[in-house]
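The values are calculated or read from the model by the stated rules, or taken from the named source; none is laboratory data. A quick note: this is a predicted structure, and the numbers were derived from the prediction, not measured. Note that we place each Cβ from the backbone using ideal geometry, even for glycine, and neighbour counts take in every protein chain shown. Ligands, DNA and RNA are stripped out before the accessible areas are found, and what is left, the full protein with its side chains, is counted by its heavy atoms. Shrake-Rupley method; radii C 1.70, N 1.55, O 1.52, S 1.80 Å.
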Amino acid sequence: MKKAFITGITGQDGAYLAKLLLDKGYEVHGGVRRISQPETVRLEKLGVAKDVHLHEFDLTEMNNIFRTIRDYPVDEFYNLAAQSFVGTSWELPIYTADADGMAVVRILDTLRTLKPDTRFYQASTSEMFGLVQEVPQRETTRLYPRSPYGVAKVYGHYITMNYRESFGMHSSSGILFNHESPLRGKEFVTRKITLALAKLAKGGSDPVVLGNLDAKRDWGFAGDYVEGMWRMLQQDVADDYVLATGVTTTIRDFIRFAAEALGMEPVFSGEGIHETAIDAKTGKRIVEISEKFFRPAEVELLIGDASKAEQNLGWKATVSVQGLAQMMAKADYDELA
Ligand code: NDP
Ligand code: GDP
């Protein structure tokens with residue numbers, strides 16, 4: 001029986017990956033940091049909370065990482081834990097650098113010391129492309145991060161490559177474009193939209209208040225993307241891969257898809273911070289704009305080219321952005337009382 005360790009097992013991707021690995025017969029261990037009320041909601045929703053072995057783990061604590069790797073040696077180590085929200089990274093830039101950058105070398109160097117044959121996956125991100133230097137973005141596109149989050153992840157990405165090249169470790173970096181699901185954190189724009197629209201569809205009256213609706217993202221389904229992570233670690237040779245759908249969509253169009261899935265007829269009017277949208281069926285205002293949600297530096301366009309993953313891993317995204325918006329809106333609607 002293969003063993004795997006997942007940092008960030010309580011997060012969106014951690015939960016989907018835990019389920020995938022359990023279904024494949026793995027013994028699954030995961031790192032959970034101490035918070036006032038332990039949260040395994042996502043693992044419970046996928047029905048796997050009782051099947052995983054959870055251990056106290058914090059990215060910022062060197063000796064805790066050392067003991068974890070010494071006491072629970074595994075075949076595959078997936079580093080998914082991070083301060084994962086771009087917006088927060090301007091408020092917590094130093095913590096973000098530590099958790100998303102330095103922690104990667106803490107783990108890699110401990111693996112190098114204690115168990116260098118462990119296969120390692122690093123959760124890199126399309127946010128590293130930032131002010132994009134090429135369209136679409138692929139593994140070779142020059143990086144130009146636009147947030148403290150993106151900058152920290154660039155370090156994690158290059159140190160993963162460097163340990164592969166320096167010590168021959170099987171360390172791979174997945175450059176994943178945005179991927180969402182009904183388990184997505186409520187602060188991310190897709191989930192913020194689907195949750196707010198579901199409340200409106202249930203009779204609520206509060207519009208969703210957003211920032212830049214012109215930004216474009218390449219959104220896929222998280223369930224597809226964890227399959228890609230696993231496939232990377234099954235290769236004889238470690239490498240870096242983009243996972244993306246190859247389709248880009250504005251925030252405004254994502255709102256349209258989610259609203260239509262809930263039976264609304266969204267109509268947008270106005271410009272800039274005066275833009276609004278109403279549901280033509282009910283006349284309710286469903287979208288407002290606030291300066292508060294604009295970022296100090298924006299990533300305007302992301303669109304990925306995952307042809308290397310398709311060729312080498314046989315991986316392809318299976319859920320369209322419309323299907324994703326529908327899945328998330330319906331899940332939020334069904335869950336509301
Ligand atoms: P989530 O925010 O859902 O999960 C993040 C996880 O990291 C949570 O389990 C969280 O624990 C844990 N964590 C945060 N800080 C620490 C810490 N100091 N020590 C230990 N654990 C910690 O993120 P996703 O599942 O969406 O993303 C997984 C990874 O993929 C992240 O690294 C993210 O940056 C990256 N990524 C995500 C993309 C996406 O679109 N989803 C795109 C590209 C990359 P807790 O539950 O306690 O908060
Ligand atoms: P990111 O790509 O990892 O930053 O994912 P997010 O879901 O946080 O943001 C995606 C895009 O939506 C960014 O361009 C944001 O500027 C934009 N956006 C517009 N309004 C909002 C909002 O209210 N919340 C968030 N999170 N993003 C918003």
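Pairs are defined by a Cβ separation below 7 Å, a sequence spacing of at least 6 or placement on different chains, a first member in region 282-306 that is assigned to a strand (DSSP E or B), and a second member that is surrounded by 15 or more Cβ atoms within 10 Å (Cβ to Cβ) and charged (D, E, K, R); the pairs so defined are ILE286/ASP279; ILE289/GLU275; LEU301/LYS216; GLY304/ASP218. Of note, THR88 does not satisfy the criterion of being within 12 Å of ligand 1 (Cβ to nearest atom), open to solvent by less than 40 Å² (accessible area, probe 1.4 Å) and out of contact with any His (no Cβ under 6 Å at 6 or more places or on another chain).
For region 246-280, filtered to residues that are over 29 Å from GLU134 (Cα atoms) and assigned to a helix (DSSP H, G or I), the residue that is most open to solvent (accessible area, probe 1.4 Å) is HIS274.
Filtering region 298-335 to residues that are more than 16 Å from ligand 1 (Cβ to nearest atom), in contact with a helix residue (DSSP H, G or I) (Cβ under 9 Å, 6 or more places away or on another chain) and over 28 Å from ALA261 (Cα atoms) leaves ASN312, LEU313, GLY314.
Of the set (1) buried (at least 17 other Cβ atoms within 10 Å of the Cβ); (2) near ligand 1 (Cβ under 9 Å from one of its atoms), all apply to GLU39 but (1).
Close Cβ contacts (under 7 Å, 6 or more residues apart or on different chains) running from residues in region 81-93 that are in the same structural domain as GLY150 (by TED's automatic domain parsing) and free of Cβ contacts under 8 Å to residues at least 60 places away in the same chain to residues that are more than 8 Å from ligand 2 (Cβ to nearest atom) and open to solvent by less than 60 Å² (accessible area, probe 1.4 Å) comprise LEU92/GLN83; PRO93/PRO148. When TYR16 is tested against (1) aromatic (Phe, Trp, Tyr); (2) free of Cβ contacts under 8 Å to residues at least 60 places away in the same chain; (3) within 14 Å of ligand 1 (Cβ to nearest atom), exactly one condition is not met: (2).
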